[in-house]
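K.L.:
Let me begin by handing over the structure; questions about it come next.
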Amino acid sequence: MPSESRPDTAVDPRRWPDVARVPQPSRVRTAVAAHLVRRALERLPLEVRTSGGETLGLGGPLIRLHDPGAFFRRVGQAGLIGFGESYMAGEWDAPDLAGVLTVLAGNVTALVPGPLQRLRALWAARQPASGHNTEDHSRRNIHHHYDLSNDLFAAFLDDTLTYSSALFRDFPAAWPDLADAQRRKTDRLLDLARVGPGTRLLEIGTGWGDLALRAAARGAHVVTATLSQEQLDLARQRVRAAGHEERVTLLLRDYRQLTGSYDAVVSVEMIEAVGADFWSEYFGRIDRLLAPGGRAALQAITMPHERMLATRNTYTWIQKYIFPGGLLPSPEAVEHATRDATTLRVTRQDGFGPHYAETLRLWRERFAERAPAVRALGFDATFQRMWTFYLAYSEAGFRSGYLDVKQLLLTRTADGATAHQEETR
């Protein structure tokens with residue numbers, strides 16, 4: 001079988017030192033990694049073609065392995081971080097990247113055998129100190145991702161500039177559906193929190209301001225906080241252009257420094273940046289800010305509890321390159337944190353993970369279409385491969401069921417007891 005041509009990917013070692021430099025673990029470590037990965041691939045519904053003409057797998061989405069030696073050295077040195085870095089370096093490719101990663105996400109136990117999973121603490125990298133989301137670390141971690149460039153995000157987001165899961169009417173979704181699906185998601189969350197005329201609303205995590213704008217249009221008085229200067233600047237412009245300056249107060253502030261009393265608190269996919277050590281503090285702050293009879297509505301990406309416990313202290317590719325300090329909670333972790341640290345209780349939760357898979361697919365396709373514009377903004381080929389991998393990796397998590405996204409309603413009575421369990425559809 002002829003070898004597959006490797007993509008022309010020049011890696012700048014000044015910007016991407018760990019991608020440009022192929023690690024040199026011991027021969028034994030590399031050989032063990034190669035053995036385990038080959039053995040896993042042979043049992044998966046994939047087709048893996050190597051540059052030497054070898055074919056592995058049971059058949060399915062195609063992986064072209066251009067440089068097996070470098071690939072196995074990276075995996076041997078850094079596990080799944082090395083797997084992602086190898087893609088960034090152009091050492092492997094896949095015409096259907098999301099399809100390949102969906103197969104891998106759905107077969108975690110095949111990729112990492114039980115004995116190795118139980119010994120994760122011995123071989124998996126540990127999170128650096130910056131992953132502990134103190135106020136100083138949180139500011140730096142948010143800056144790393146959200147202050148990249150407003151123009152970068154505008155290149156692949158719809159006109160609402162909403163960077164979270166949409167809620168579609170029909171599948172498969174098309175690009176023209178996305179903006180309405182984002183508004184539908186936002187309106188549903190505002191409805192959960194019963195936001196209307198005169199509501200004193202706090203939003204933790206401003207994004208680029210669309211939720212605040214929609215709440216203000218309902219007649220609410222909104223205070224919204226972010227740690228991203230880039231997001232704050234653009235959100236302020238959008239609020240001014242919409243004529244809602246008297247209804248919306250924008251703050252560059254950590255959630256731990258927020259004060260006041262509010263009828264409703266909303267937060268969309270912000271808990272993922274809080275960190276397990278601070279979940280109780282996060283929910284405790286919401287509890288203190290929420291007026292008697294108030295409601296809190298959150299949108300959160302979640303993962304199974306056992307997987308969260310197994311991975312919460314390890315360092316991942318996503319944390320290294322995309323969301324430093326990030327950690328997805330499990331539904332059980334949210335229940336435990338609210339029960340132990342607050343008078344709030346989760347009284348409704350609605351999952352819609354397949355909608356996130358569609359949202360990410362549309363973003364990924366748009367990002368590919370806008371590649372020249374992204375390049376013109378100064379983001380090189382390695383960044384674009386990194387971002388493509390990130391979007392496909394995330395999409396795969398939702399397509400495989402490994403991840404979910406939920407809208408959660410938190411309520412309480414004056415004495416802290418759960419008022420009642422609302423119907424969960």
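What follows is calculated from the coordinates using simple rules that are stated; it is not laboratory data. Since we're looking at a predicted model, the values are computed, not measured. Quick reminder, even Gly has a Cβ in these numbers, built from the backbone with ideal geometry, and neighbours come from all protein chains shown.
K.L.:
R375 versus A10, label points 7 Å from Cα toward the beta carbon: distance in nm?
P.N.:
Here the modelled spin labels are 1.2 nm apart.
K.L.:
For every helix of n ≥ 4 consecutive DSSP H residues, a contribution of -39,500 (n - 2.57) applies; sum these over the chain, divide by its total residues, and give [θ] at 222 nm rounded to the nearest 500 deg cm²/dmol. Mind dumping the intermediate values first?
P.N.:
Details: 19 runs with 195 residues, N = 425.
My calculation for the chain gives -13500 deg cm²/dmol from helical runs alone.
K.L.:
Against the longest principal axis of the chain, how steep is helix 178-192, in degrees 0 to 90 to the nearest 10, with axes from Cα atoms?
P.N.:
50 degrees
K.L.:
Using only Cα atoms, find the angle between the long axis of helix 331-341 and the longest principal axis of the chain, and express it within 0 to 90 degrees, rounded to the nearest 10.
P.N.:
The angle comes out at about 40 degrees.
K.L.:
Could you tell me the calculated FRET efficiency between L309 and V28, based on Cβ-Cβ distance and R0 = 45 angstrom, to the nearest 0.05?
P.N.:
Values: r = 30 Å, r/R0 = 0.67.
Plugging the Cβ-Cβ distance into 1/(1 + (r/R0)^6) gives 0.90.
K.L.:
Give the long-range amide H neighbours of T302: residues separated by 5 or more places, or on another chain, with amide H under 5 Å away, using H modelled in the peptide plane at 1.01 Å from N.
P.N.:
Amide H neighbours of T302, under 5 Å, 5+ apart: D404, V405, K406.
K.L.:
Sticking with this structure for a sec: Averaging sequence separations of C-alpha pairs under 8 Å and six or more residues apart, then dividing by the length of the chain, give the relative contact order as a whole percent. Walk me through the numbers on the way to the answer.
P.N.:
Values: 789 pairs, mean separation 72.8, N = 425.
Relative contact order of the chain: 17 percent.
K.L.:
Helix 229-242 versus the longest principal axis of the chain: what angle, 0 to 90°, nearest 10, using Cα atoms?
P.N.:
Roughly 50 degrees between the two axes.
K.L.:
What shape does the chain have by the C-alpha gyration tensor, where a ≥ b ≥ c are the square roots of the eigenvalues, rounded means a/c under 1.5, and otherwise prolate means a/b greater than b/c and oblate the rest?
P.N.:
prolate
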